[in-house]
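Participant: Sharing a structure below in structure tokens format, with a few things to ask.
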Amino acid sequence: MSADLLHLIDAALATVEDPEIRRPITELKMVKSREVVDGVARVEVWLTVSGCPMRDTITARVTDAVGRVPGVARVEVALDVMSEEQRKELRAQLVGHDEREIVFTKPGNLTRVYAVASGKGGVGKSSVTANLAVSMVQQGLSVGLVDADIYGHSIPRLLGANDAPTMVEGMIMPPSAYGVRVISMLPFKPGGVSQPVAFRGPMLHRALQQFLADVYWGDLDVLLLDLPPGTGDIAISVAQLLPQAELVVVTTPQTAAAEVAIRAGMLAQQTNQRVAGVLENMSSFPCPHCGEPMDLFGTGGGALVSETLTRELGNDVPLLGRVPFDVRLREGGDEGRPLVASDPDAPASTVLAEVAGRLGKRARGLAGMSLGITPAGRL
């Protein structure tokens, strides 16, 4: 076997990423062996668990990468399973610690964290969150999405994220949909979507903490959290667990909805959070017959929330955008096809893409973040 050919195969394998961890399989020590005999490349790969849902994807990626190497006529891929010791080493390599901590609060972490909130249900907050996440991915960002509405989780349906996460030594590998890494309460319920979640406040806090600490998120540009409506346990827990999280308040144009949304934004005053902006959903849209704007849910709600929060909080809370009413936004959610993916040129998709760009492309920096440094004399 030529050393040069083996070197080329190693280089090809270094381009193969694990679809869940998103790092090269060579870096993760997942290549068990490789050899070439009479033009046939035989590669053995370690899987993290025996029932790995990505086994076919890994096999296909290895076959494709090695098959492109000059001198390789055929590729044979064999799969084996890591030992418990190997999985422990992998976990240590990925998270760098044994105790469970939230990486987003570590000094120097540059992930932007947005908690999408609303005062009441029915304003399309989850649909907006799902579409913002997909749009950010389309713009080249690495995005994670936490379905923090433990009782009323809906993100898996909206994104078609139906795969269960993979467990590796207590570390949760989240499934992906449209390039968004997603975690929700749904896959942890034996009874499926119809099973209720009967948690009190402390259990809600613990569930959210596990979503943040036990999930391997990788290096994210943006982490979105879809909060339940109102200012209850989860909203407070987010402020405690992710003090740097910024709020994005969703409302409809209706004054009654706007007044409730203001209360969701005003929570920032008590939790010392920043409100990144307001998003008005279900705004006016052109009549399909005459082209005149139709205001199904009134007008001015987003502006009212923006102006009130700016005045009360003492800093600028911009109106990020007004998403026109589009029944396909709802239909796409029911079918697991976000509108920004199925029709990126739709008016609603255009507004959502602009907001996603505005939030996601803000420079990641250390301003306002704890660096874990204590001044001399204050130890």
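Laboratory data are not the source of any read-out in this text; all were calculated from the coordinates shown. Since this is a predicted model, take the numbers as computed values, not measurements. Note that each Cβ is placed from the backbone with ideal geometry, even for glycine, and that neighbours are counted across all protein chains shown.
Participant: Expressed in nm to one decimal, what extension gain is obtained for the pair residue 335 and residue 106 from 0.36 nm per residue of sequence separation less their Cα-Cα distance? Before the final figure, lay out the partial values.
Facilitator: On the way: separation 229, 0.36 × 229 = 82.44 nm, distance 3.74 nm.
Between residue 335 and residue 106, full extension yields 78.7 nm more.
Participant: Going by Cα centres, the stretch 82-161 and the stretch 181-214 are how many Å apart?
Facilitator: 13 Å
Participant: Charges at C-beta only: +1 for Lys and Arg, -1 for Asp and Glu. How large is the resulting dipole of the stretch 1-106 about its Cα centre, in Debye rounded to 20?
Facilitator: Details: 15 positive and 19 negative charges, 39 e Å.
Rounded to the nearest 20 debye, it is 180 debye.
Participant: Label 7 Å along Cα→Cβ of residue 44; the stretch 79-93 residues with amide nitrogen under 13 Å?
Facilitator: Label zone hits: 79-83.
Participant: Please list, or write none, the aspartates and glutamates whose alpha carbon is within less than 15 Å of the alpha carbon of residue 189, excluding same-chain residues fewer than 8 places away.
Facilitator: 147, 149, 163
Participant: Ok, one more. Under a Cβ-only charge scheme (Lys and Arg +1, Asp and Glu -1), can you give me the dipole magnitude of the stretch 264-339 about the Cα centre, in debye to the nearest 20? Don't skip to the end; give the middle numbers.
Facilitator: Working: 6 positive and 10 negative charges, 41 e Å.
In total the dipole reaches around 200 debye.
Participant: With r defined as the distance between the Cβ atoms of residue 313 and residue 256 and R0 fixed at 25 Å, what FRET efficiency is calculated, to the nearest 0.05?
Facilitator: 0.70
Participant: Which FRET efficiency value, to the nearest 0.05, is calculated for residue 22 and residue 92 with the Förster distance at 25 angstrom and r the Cβ-Cβ distance? It would help to have the intermediate numbers written out before the result.
Facilitator: Details: r = 18 Å, r/R0 = 0.72.
Given R0 = 25 Å and the Cβ-Cβ separation, E is 0.90.
Participant: Return the FRET efficiency for the residue pair residue 15, residue 269: r is the Cβ-Cβ distance, R0 is 35 Å, and the value is rounded to the nearest 0.05.
Facilitator: On the way: r = 50 Å, r/R0 = 1.42.
Calculated transfer efficiency: 0.10.
Participant: Once Lys and Arg get +1 and Asp and Glu get -1 on their Cβ, which of 180, 315, 160 lies farthest toward the positive end of the dipole of the chain?
Facilitator: Positive-most Cα among the choices belongs to 315.
Participant: If you don't mind, there's one more thing I want to ask. So how strong a dipole does the chain carry about its Cα centre when Lys and Arg Cβ are +1 and Asp and Glu Cβ are -1, to the nearest 20 debye? Write out the running numbers ahead of the final one.
Facilitator: On the way: 35 positive and 43 negative charges, 140 e Å.
Here the size comes out at about 680 debye.
Participant: Residues with beta-carbon under 10 Å from that of residue 74, excluding residue 74: net charge, scoring Lys, Arg +1 and Asp, Glu -1?
Facilitator: On the way: positive: 42; negative: 38, 76.
Combined, the nearby Lys, Arg, Asp and Glu give -1.
Participant: Answer rounded, prolate or oblate for the stretch 257-325, using the Cα gyration tensor with square roots of eigenvalues a ≥ b ≥ c: rounded when a/c is under 1.5, else prolate when a/b is larger than b/c, else oblate. Present the calculation step by step, with values, prior to reporting the outcome.
Facilitator: Values: a/c = 3.32, a/b = 2.85, b/c = 1.16.
Note, shape of the stretch 257-325 comes out prolate.
Participant: I've got another one for you. Based on the inverse mean of 1/r over its pairs of different Cα atoms, what is the Kirkwood hydrodynamic radius of the chain, in Å? Display every interim value, and only then the final one.
Facilitator: On the way: mean 1/r = 0.0442 Å⁻¹.
Across the chain, the inverse of the average 1/r is 22.6 Å.
Participant: What does the charge count around residue 145 come to, taking other residues whose C-beta lies under 9 Å from its C-beta (Lys +1, Arg +1, Asp -1, Glu -1)? List each step's numbers first, then the result.
Facilitator: Details: positive: 181; negative: 147, 226.
Value of the local net charge: -1.
Participant: Looking at 33, 350, 305, which one has the Cα that reaches farthest to the positive end of the dipole of the chain (charges on Cβ: Lys, Arg +1; Asp, Glu -1)?
Facilitator: 305
Participant: Distance in nm between label sites at residue 78 and residue 236, each 7 Å beyond Cα in the beta-carbon direction?
Facilitator: Rounded to a tenth, the inter-label distance reads 5.8 nm.
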